[in-house]
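These notes are about the structure you will find just below.
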Amino acid sequence: MSQEEMRLHLEDILANARLMTLMQPVLDLVGGQVMGYEALSRGPSNSPLHAPQALFRVAEQHGLLTVLDWACVRMALRTFAQLNLPGQLFVNLSPGSLLDASFAPVEVMAALEIAGISSDRVVIEITENATALDYGDLRQAVTRLRTAGIEVAIDDFGEGFSSLRLWSELKPSFVKIDKHFIADIHQDPHKVQFVRSIRQLAEGANALVIAEGVESLSELAVLKDLGIRYAQGYLIGRPSPVPIRLLSREVQMCLESGTVSVFPLLQARNTPHVSAGKLVASAPSVSPSTASQVVLDLLLKHPDLHAVAVVDECIPVGIIHRPALLDHFIGLYGRELYGKRPCSEFMDAAPLIVDKATRITELSELVVKKGKAAFTQGFVITTEGRYLGLGSGFDLMREVTEMQIVAARYANPLTGLPGNVPIQEHMERLLSNEQTFVTAYFDLDHFKPYNDVYGFRRGDDIIQLLARILRDSCSAELDFAGHIGGDDFVVLFQSLDWEVRCHGMLARFDRECLALFNPEHVEVGGYYSEDRRGAMAFHSLVSLSIGAVLVDPAHFHQYQEVARAAAEAKHQAKRIDGSNLFIDQRRMPYGRQPATEVAMSAADCA
């Protein structure tokens, strides 16, 4: 169809009320039930405007966006009422439509009255999708809605250019995290950190978080453990003319499960010196005498440009922040009043200016000292005093977040497994959730003599072999494998078949480590080397001891208690010749009869 035919087709859809409304449930992860529905509009099923992207694009091209928004809202209210759905109704609205006179609270309340829906059951979702927003007008519009009893949500948070400012200006009751940050969150430590940060921001701003695009039980489990209150997505329920009211059995079981998710961790890597030069974004600059309308056109031409540096003979003298300039031109006579004035009148004459060699940690401190403006406006980066480019608060936050994740991991550089800090953090999460689990302490026997005979490089090979066995044998979503240091490892098991897994590890270690010994040593079962007193002694081949403790919340409450019990179990295991598993059964879950301590070797299991 031509553009004109598309316009006529859209007008026909609107005139004959041919829009469709699908409803998608929003899940309360704490209450375990549907708390409301988001209304999603579609064109007729046999129409080229059936998909929402095409429908709203054509409406915007022909100046019909507000008319379409109103039609969608009315159809959403009617559908929600006809289906007699419980909870709240989330309705999408563009900022431009929200500011239109046709969406005055009195008109919205009239539509609600016709549908028979009370205002406190409706939430307006606002997406930042405009090049320039008049935040002052938006604040007033939102205030009028709240006065009428209608709450507001920010949709697709993290996708738009000014999401953080929109949040701070509108102070929404709900913040919906864009699906990009939810997809495969159980495998991406950056997304985990981002979502955790958003939840913390929301708590301080008295807002509730909704995670969009949940498509797997693994994603849902991580979100639950991160403390996210609400979620929606195909896993919970697809958009439908007749949406679900009850959760599927698998979703219900996930919410009721006491299992603690194993958060993804970054692979071990060296963290070189990171400086402000990594944050440089090449951006055009202007001179102090440049007309303001030229700067405005520059910003409109580059929608991703958050600011423009003002440079006098290569030396930065100021910075013009996008919202600050647009605020002056948003009015009816903005260009006439301000267009010909020199841009220096609208610049911040005391911006944060740093050299490209400035360390990220030092830059973060400077931004904090400078205040909120340095974060929202960004900063100027120079090289030997000459303008190089701009840096943004968002890029700085992302880099600092990455550095924090890497630093917090304390990964062992040899095996890449998490070290003591992550081990303790995960164990404390298990304890605080009162989850029964098993702590298994792994230790290599006769390892020092092996290093003396074969050298430290071969010793590293055995340690790496054990690390591989642990990784391969543990459930990535249930079990946490860590490297305490040296030849000591720990696994925090939530897998019910943990004992079978341990015996499998013992058998595989005994089998695969033979390749790391000389044939003559394998034949006699050991070799001679100096003992701790300096005398020559025969030492058996390296074996693996595992000490396991059943950690029940009725008996263990602190990390130190578990660590002591696991160390004791490990010592008991090392008293038995060969590779073996020792299970300390003295502290059994409440109601079970204590049993005699059990030790079973890998050979017995074979």
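The values are calculated or read from the model by the stated rules, or taken from the named source; none is laboratory data. Not measured: the values here are computed from a predicted model. In this analysis, Cβ positions are derived from the backbone assuming ideal geometry, glycine residues included, and neighbour counts consider all displayed protein chains. Heavy atoms of the whole protein, side chains included, go into the accessibility calculation; ligands, DNA and RNA do not. Shrake-Rupley method; radii C 1.70, N 1.55, O 1.52, S 1.80 Å.
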Residue that is surrounded by the fewest Cβ atoms within 10 Å (Cβ to Cβ) [pool: residues in the stretch 566-606 that are modelled with pLDDT under 50 and small (G, A, S)]
G591
Among the listed residues L496, L514, identify the single one that is farther than 28 Å from H426 by Cβ, open to solvent by 70 Å² or more (accessible area, probe 1.4 Å) and without any contact (Cβ under 8 Å) to a residue 60 or more places away in the chain.
L514
Quick check on my filter: what residues within the stretch 217-232 are among the aliphatic types (A, V, I, L, M) and closer than 17 Å to H426 by Cα?
A221, V222, L223, L226
When the stretch 357-366 is examined, which residues are found to be within 24 Å of the chain's Cα centre (by Cα), β-branched (V, I, T) and either surrounded by 14 or more Cβ atoms within 10 Å (Cβ to Cβ) or under 12 Å from G393 (Cα atoms) (or both)?
I360
Enumeration of residues in the stretch 271-286 that are touching a residue at least 40 places away in the same chain (Cβ under 8 Å) and not hydrophobic (A, V, I, L, M, F, W, C)
T271, H273, S275, G277, K278, S282, S285
Residue tally, condition closer than 16 Å to R229 by Cβ and either among the hydroxyl-bearing types (S, T, Y) or not in a loop (DSSP other than H, G, I, E, B) (or both), over the stretch 164-180:
5
How many residues of the stretch 208-233 are open to solvent by 10 Å² or more (accessible area, probe 1.4 Å) and in a loop (DSSP other than H, G, I, E, B)? The answer is 6
Please work out which residue is nearest to L27 (Cα to Cα), limiting yourself to the stretch 234-266 and to residues that are among the charged types (D, E, K, R) and in a loop (DSSP other than H, G, I, E, B).
R245
Matching option when the condition is at pLDDT 90 or above, open to solvent by 60 Å² or more (accessible area, probe 1.4 Å) and of a type in the set (K, R), among R335, R341:
R341
How many of the residues in the stretch 543-566 are under 32 Å from the mean Cα position of the chain (by Cα) and part of a loop (DSSP other than H, G, I, E, B)?
5
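Kindly indicate whether L299 is touching a residue at least 40 places away in the same chain (Cβ under 8 Å), touching a helix residue (DSSP H, G or I) at 6+ places or on another chain (Cβ under 6 Å) and not in a strand (DSSP E or B).
no
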May I ask you to say which residue of R139, R146, R196 is of a type in the set (K, R), open to solvent by 10 Å² or more (accessible area, probe 1.4 Å), outside any strand (DSSP E or B) and over 24 Å from S97 (Cβ atoms)?
R196
Criterion: hydrophobic (A, V, I, L, M, F, W, C), out of contact with any strand residue (DSSP E or B) (no Cβ under 6 Å at 6 or more places or on another chain) and either open to solvent by 30 Å² or more (accessible area, probe 1.4 Å) or in contact (Cβ under 8 Å) with a residue 24 or more places away in the chain (or both) - qualifying residue of A467, A440, A481:
A467
Can you pull out the residues in the stretch 76-94 that are open to solvent by less than 30 Å² (accessible area, probe 1.4 Å) and assigned to a helix (DSSP H, G or I)?
A76, L77, T79, F80
Where residues in the stretch 1-29 are hydrophobic (A, V, I, L, M, F, W, C) and closer than 15 Å to Q232 by Cβ, which of them is nearest to the chain's Cα centre (by Cα)?
L29
Matching residues in the stretch 344-356 (touching a residue at least 60 places away in the same chain (Cβ under 8 Å) and either surrounded by fewer than 20 Cβ atoms within 10 Å (Cβ to Cβ) or more than 14 Å from P316 (Cβ to Cβ) (or both)) number 2
If you go through V380, V294, the only one that is buried (at least 17 other Cβ atoms within 10 Å of the Cβ), hydrophobic (A, V, I, L, M, F, W, C) and farther than 23 Å from W167 by Cβ is V380
